[in-house]
Amino acid sequence: MSGERRIAIVGAGLGGLTLARVLHVHGIASTVYEGDASPTARDQGGTLDLDRESGQRALLLAGLLEEFRPLSRPEGGELRLLDKDATVGLRIPPPEPGEGDERPEIDRSALRNLLLGSLPEGTVRWGHKVRTVAMGAAGRPTLTLSDGRTMETDLLVGADGAWSRVRTLLSDADPVYSGLSFVDGLLRDVGTRHPAIAELVGQGMMFALADERGLTAQRNGGDRIRVYSAVKVPEEWSRSGLIDPADPAASKKRLLDLFPDWDEGLRALIAHIDGPLVPRPIHALPIGHRWDRVPGVTLLGDAAHLMSPFAGAGANLAMLDGAELALALATHDDLETALNAYETPMFPRAEEAAALSAEHLTGFFGPDGLRTARDAFTAVTSGGAAR
């Protein structure tokens with residue numbers, strides 16, 4: 001593909017940055033427009049595991065896999081599944097040394113910084129929020145920034161997440177609330193300040209499921225644990241009735257009241273959260289979401305196939321989308337041929353993951369959630385490692 005084509009990527013998340021990096025590897029320039037004022041403008045979230053066939057493959061194509069390895073935490077592959085009385089129903093131990101490269105953990109911020117550091121200076125335009133997108137009179141995608149500037153591009157890629165503006169050029173689908181909301185919080189210096197919690201959670205991820213709700217605790221770098229409380233509540237109540245930023249103590253009590261007879265060690269995950277409680281209602285696009293070709297426009301990641309986190313696939317798929325789109329653009333001189341080559345395998349791949357994600361959300365937070373989760377985690381464990 002000619003390096004003279006103008007490629008605009010909206011969104012500097014993992015998918016958009018992977019796309020820009022793999023394009024750069026192939027000598028193709030692009031510009032990433034990001035509304036955040038800087039890379040540190042907001043919390044990048046917790047940790048994620050990179051699957052060998054998706055996230056790690058994307059990093060291989062980006063020429064960053066070896067730089068990734070020392071940043072990763074293979075020991076984060078430990079998993080514990082508990083009942084509300086803190087009884088361990090399943091434990092998948094951390095991998096043995098040298099065996100933790102199937103899905104090693106890495107903090108999102110570390111992974112994003114790795115991608116950002118691999119791009120030429122000026123590739124990402126911080127503080128450039130896209131206000132509207134349209135098809136221009138010449139048949140090219142056009143984007144208008146919040147400061148009023150308008151520009152045409154040959155290729156417009158929506159890597160702008162759940163509420164993508166670029167998606168409106170391709171699809172009228174909107175994300176639908178799943179009925180489940182997370183409340184996100186962080187515990188710091190857990191090794192010294194909260195040793196009992198550190199022992200309960202272990203080195204990786206802990207799930208406690210009962211009563212159609214759950215607590216997930218996730219080891220992050222820097223001796224931190226990120227906690228996600230999962231509750232079935234109306235969407236608006238999760239934002240305003242449950243969490244009041246002006247009254248964190250009352251918010252924490254309301255959240256604790258939703259886990260009244262749970263083990264005190266599990267309730268401590270909420271009670272000792274240091275910073276703000278952040279509501280995160282879980283939304284998803286329709287399973288199998290796809291669109292007809294619109295010249296010069298495509299999507300990747302959550303903009304294309306938003307799903308709940310219960311397949312562990314979101315970031316991995318976004319990065320693979322970015323890498324494979326870049327390869328298609330590098331391989332095909334004709335833009336529409338390249339976009340067809342990218343979208344054709346992406347649609348069924350995303351549909352399969354979205355279906356599994358929806359199935360797990362329903363099952364994990366149903367009446368028999370603990371058993372359902374145990375069966376699901378056991379199914380992906382090889383060699384009898386679960387116990």
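The values are calculated or read from the model by the stated rules, or taken from the named source; none is laboratory data. Owing to the predicted nature of the structure, the values given are computational and were not obtained by experimental measurement. A quick note on method: Cβ atoms are made from the backbone with ideal geometry, for glycine too, and the neighbour counts reach across all protein chains shown. When the accessible area is computed, the model is the full protein with side chains, heavy atoms only, and any ligands, DNA or RNA have been set aside. Shrake-Rupley method; radii C 1.70, N 1.55, O 1.52, S 1.80 Å.
Couple of notes before you dig in:
- When residue 145 is tested against the conditions (1) of a type in the set (A, V, I, L, M, F, W, C); (2) open to solvent by less than 70 Å² (accessible area, probe 1.4 Å); (3) without any contact (Cβ under 8 Å) to a residue 24 or more places away in the chain, the lone failure is (3).
- For first residues located in region 123-135 and farther than 14 Å from residue 159 by Cα, partners that are open to solvent by 40 Å² or more (accessible area, probe 1.4 Å) and of a type in the set (Ser, Thr, Tyr) and lie 6+ apart or on another chain with Cβ distances below 6 Å form the pairs 131/146.
- Among the residues of region 160-181, those identified as open to solvent by 20 Å² or more (accessible area, probe 1.4 Å) and in a strand (DSSP E or B) are 176, 177, 178, 179.
- Residue check, residue 49 touching a strand residue (DSSP E or B) at 6+ places or on another chain (Cβ under 6 Å) and of a type in the set (Asp, Glu): yes
- Test: residue in region 269-284 that is over 30 Å from residue 167 (Cβ atoms), among the β-branched types (Val, Ile, Thr) and open to solvent by less than 30 Å² (accessible area, probe 1.4 Å): yes
- Every test in (1) out of contact with any strand residue (DSSP E or B) (no Cβ under 8 Å at 6 or more places or on another chain); (2) within 30 Å of residue 179 (Cα to Cα); (3) open to solvent by 20 Å² or more (accessible area, probe 1.4 Å); (4) modelled with pLDDT of 95 or more is passed by residue 358 save one, and that test is (1).
- Residue 379 vs. criteria buried (at least 16 other Cβ atoms within 10 Å of the Cβ) and out of contact with any strand residue (DSSP E or B) (no Cβ under 8 Å at 6 or more places or on another chain): no
- Check on residue 214, open to solvent by 50 Å² or more (accessible area, probe 1.4 Å), outside any helix (DSSP H, G or I) and under 30 Å from residue 95 (Cα atoms): no
- Hits in region 217-272 - residues which are at positive phi and assigned to a helix (DSSP H, G or I): none
- Matching entry among 221, 204 (being surrounded by fewer than 17 Cβ atoms within 10 Å (Cβ to Cβ) and closer than 12 Å to residue 47 by Cα): 221
- For residue 122: the one exception among (1) at pLDDT 90 or above; (2) closer than 29 Å to residue 365 by Cβ; (3) more than 22 Å from the chain's Cα centre (by Cα): (2)
- Hey, residue 117 modelled with pLDDT of 95 or more, of a type in the set (Gly, Ala, Ser), over 17 Å from residue 315 (Cα atoms) and open to solvent by less than 50 Å² (accessible area, probe 1.4 Å) or not: no
- Residue that is most open to solvent (accessible area, probe 1.4 Å), among those in region 235-253 that are over 16 Å from residue 213 (Cβ atoms) and of a type in the set (A, V, I, L, M, F, W, C): 246
- Here the condition is being out of contact with any Asp or Glu (no Cβ under 7 Å at 6 or more places or on another chain), surrounded by 15 or more Cβ atoms within 10 Å (Cβ to Cβ) and at pLDDT below 95; of 102, 96, it holds for 102 alone.
- Subset of region 184-211 [out of contact with any helix residue (DSSP H, G or I) (no Cβ under 6 Å at 6 or more places or on another chain), in a strand (DSSP E or B) and aliphatic (A, V, I, L, M)]: 186, 187, 205, 206, 210
- Answer residue from region 120-142, given it is within 30 Å of residue 56 (Cβ to Cβ) and out of contact with any helix residue (DSSP H, G or I) (no Cβ under 6 Å at 6 or more places or on another chain) and is most open to solvent (accessible area, probe 1.4 Å) among those: 121
- Meets criteria (under 17 Å from the mean Cα position of the chain (by Cα) and within 29 Å of residue 313 (Cβ to Cβ)) for residue 286: no
- Taking region 149-159 as the range and being open to solvent by less than 40 Å² (accessible area, probe 1.4 Å) and not polar (S, T, N, Q) as the test, the residues that pass are 154, 155, 156, 157, 158, 159.
- For region 309-324, a residue qualifies if it is surrounded by fewer than 22 Cβ atoms within 10 Å (Cβ to Cβ) and more than 23 Å from residue 61 (Cα to Cα), and the qualifying residues are 309, 311.
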